[in-house]
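Colleague: Structure in structure tokens, see below.
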Amino acid sequence: MRKMSAAGKCVVLLSGGMDSCVTAAIARERHGAENLALLHAGYGQRTERRERQAFEDVAEFYGVRERLVVRLEHFRAIGGSALTDPSIAVPENELKAPAAPGNAIPVTYVPFRNAHFLSVGVSWAEAIGAGAVYIGAVAEDSSGYPDCRPEYYRVFQELVRAGTRPETHIEIMTPVISMKKKEIVERGIALGAPLHLTWSCYQREDEACGVCDSCLLRLRAFAEAGHSDPIRYRRGVSAQR
């Protein structure tokens, strides 16, 4: 028998990165830690093990026991992204550089990835009676991935309404989508989010490389917010770029 809606319960997609961590902190503020259900998806990315560790660390920090970890191995077989295909190099020191002439989408884009994440999130939310699925997508001041645009989530919301039970009401929540990265850092610090436990680097699992697109965006955000990034970077990489 299906569990009916639990008041205030929500699913949070938690990659282990800074944006998803702050999203979890926002969801906790709105719903309470006891109503959080944390979802993590591994998809054959280069830093899969380190991101999983970050997920578990953040979940422990907030004392969340309701967790789901899934593996979407087909992304590695599909390829087409520097994050899942070892034959495609991760660009270094090329913040916002086009992937190819005339193409503004970076090679680190994983084709249509967020639809897969959201589908798992909505399935789980419907099964446990959660009324919202949170995702830490960022449209501005980010890498420019097409599946991080506000219109993408508006359309997906309609899909959720059309594809779930008539009595199911699940909202897709994107609380940081219009924020600058600097603002995400500031919001996270204000909420006491455990940014020191997060991982953003695209290519290393021991120390953050400091030169990939994700590291550069993160370093710049902390610098603009006037704070030092609490994670470790390779020797010689400044945390105040």
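Colleague: Under the condition of being open to solvent by less than 20 Å² (accessible area, probe 1.4 Å) and of a type in the set (A, V, I, L, M), which residue from segment 178-207 is farthest from LEU95 (Cα to Cα)?
Modeller: Once the filter is applied, the top-ranked residue is ALA193.
Colleague: Here's a follow-up. Does VAL176 satisfy being assigned to a helix (DSSP H, G or I), under 19 Å from ILE135 (Cα atoms) and β-branched (Val, Ile, Thr)? Before you say what the answer is, go through the steps one by one.
Modeller: Details: assigned to a helix (DSSP H, G or I): no; under 19 Å from ILE135 (Cα atoms): yes; β-branched (Val, Ile, Thr): yes.
Against the criterion (assigned to a helix (DSSP H, G or I), under 19 Å from ILE135 (Cα atoms) and β-branched (Val, Ile, Thr)), VAL176 does not qualify.
Colleague: Here's a check for you: in segment 142-172, which residue that is part of a loop (DSSP other than H, G, I, E, B) and open to solvent by 30 Å² or more (accessible area, probe 1.4 Å) is nearest to VAL90 (Cα to Cα)? Please lay out each step first, then the result.
Modeller: So the first thing to find is which residues in segment 142-172 are part of a loop (DSSP other than H, G, I, E, B), and the list is 142-145, 149, 164-170.
So of that shortlist, the ones also open to solvent by 30 Å² or more (accessible area, probe 1.4 Å) come out as 144, 149, 165-167, 169.
Working: GLY144: 16, ARG149: 23, ARG165: 42, PRO166: 44, GLU167: 44, HIS169: 39 Å.
Per the criteria, the residue is GLY144.
Colleague: With the requirement that a residue be of a type outside the set (S, T, N, Q) and either within 21 Å of THR164 (Cβ to Cβ) or open to solvent by 30 Å² or more (accessible area, probe 1.4 Å) (or both), what does segment 103-120 give you?
Modeller: The initial filter retains those residues of segment 103-120 that are of a type outside the set (S, T, N, Q), namely 104-107, 109-113, 115-118, 120.
Within segment 103-120, ALA104, ILE105, VAL107, TYR109, PRO111, PHE112, ARG113, ALA115, HIS116, PHE117, LEU118, VAL120 meet the criteria.
Colleague: Is it the case that segment 113-128 has a residue that's part of a loop (DSSP other than H, G, I, E, B) and more than 24 Å from LEU83 (Cβ to Cβ)?
Modeller: To start, the set of residues in segment 113-128 that are part of a loop (DSSP other than H, G, I, E, B) comprises none.
No.
Colleague: Filter segment 17-53 down to the residues that are part of a helix (DSSP H, G or I) and in contact with an Asp or Glu (Cβ under 8 Å, 6 or more places away or on another chain), then identify the one that is most open to solvent (accessible area, probe 1.4 Å).
Modeller: ARG49
Colleague: Now, a different point. From the list GLU73, GLU60, GLU92, GLU56, which residue is of a type outside the set (Gly, Ala, Ser), touching a Cys at 6+ places or on another chain (Cβ under 8 Å) and surrounded by fewer than 19 Cβ atoms within 10 Å (Cβ to Cβ)? Reasoning before the result, please.
Modeller: Numbers: GLU73 fails: touching a Cys at 6+ places or on another chain (Cβ under 8 Å); GLU60 fails: touching a Cys at 6+ places or on another chain (Cβ under 8 Å); GLU56 fails: touching a Cys at 6+ places or on another chain (Cβ under 8 Å).
Going through GLU73, GLU60, GLU92, GLU56 in turn, the sole match is GLU92.
Colleague: Take the residues of segment 76-89 that are over 30 Å from ALA127 (Cβ atoms) and over 20 Å from the mean Cα position of the chain (by Cα): which is surrounded by the most Cβ atoms within 10 Å (Cβ to Cβ)? Steps first, please.
Modeller: Step one: filter segment 76-89 for residues over 30 Å from ALA127 (Cβ atoms), giving 79-80, 82, 85-89.
Applying the additional criterion that residues be over 20 Å from the mean Cα position of the chain (by Cα) yields 86-89.
Details: PRO86: 11, SER87: 6, ILE88: 15, ALA89: 10.
Going through the qualifying residues, I end up with ILE88.
Colleague: Something else now. Go through SER142, SER178 for me and flag whichever is at pLDDT below 95, among the polar types (S, T, N, Q) and on the phi < 0 side of the Ramachandran plot.
Modeller: Details: SER178 fails: at pLDDT below 95.
Of the residues listed, the single one that is at pLDDT below 95, among the polar types (S, T, N, Q) and on the phi < 0 side of the Ramachandran plot is SER142.
Colleague: Additional query: Is it the case that some residue within segment 121-129 is closer than 25 Å to VAL69 by Cβ, open to solvent by 80 Å² or more (accessible area, probe 1.4 Å) and not hydroxyl-bearing (Ser, Thr, Tyr)?
Modeller: Going residue by residue through segment 121-129, those that are closer than 25 Å to VAL69 by Cβ are 121-129.
From what is left, the residues that are open to solvent by 80 Å² or more (accessible area, probe 1.4 Å) are none.
No, there is no match, as no residue in segment 121-129 is closer than 25 Å to VAL69 by Cβ, open to solvent by 80 Å² or more (accessible area, probe 1.4 Å) and not hydroxyl-bearing (Ser, Thr, Tyr).
Colleague: Considering every residue within segment 104-115, establish whether at least one is of a type in the set (Lys, Arg), in contact (Cβ under 8 Å) with a residue 60 or more places away in the chain and touching a Phe, Trp or Tyr at 6+ places or on another chain (Cβ under 9 Å). Let's see the steps before the verdict.
Modeller: We begin by selecting, within segment 104-115, every residue of a type in the set (Lys, Arg); these are 113.
Still in the running and in contact (Cβ under 8 Å) with a residue 60 or more places away in the chain: 113.
Okay, now just the ones that are also touching a Phe, Trp or Tyr at 6+ places or on another chain (Cβ under 9 Å), so 113.
Yes, because at least one residue in segment 104-115 is of a type in the set (Lys, Arg), in contact (Cβ under 8 Å) with a residue 60 or more places away in the chain and touching a Phe, Trp or Tyr at 6+ places or on another chain (Cβ under 9 Å).
Colleague: Now a separate question. Is it the case that some residue within segment 87-95 is at pLDDT below 95, hydrophobic (A, V, I, L, M, F, W, C) and part of a loop (DSSP other than H, G, I, E, B)?
Modeller: Yes, because at least one residue in segment 87-95 is at pLDDT below 95, hydrophobic (A, V, I, L, M, F, W, C) and part of a loop (DSSP other than H, G, I, E, B).
The values are calculated or read from the model by the stated rules, or taken from the named source; none is laboratory data. Computed from a predicted structure; not experimentally measured. As a convention, Cβ positions derive from the backbone with ideal geometry for all residues, glycine included, and neighbour counts pool all protein chains shown. Quick note on the areas: whole protein, heavy atoms, side chains included, nothing else; ligands and nucleic acids left out. Shrake-Rupley method; radii C 1.70, N 1.55, O 1.52, S 1.80 Å.
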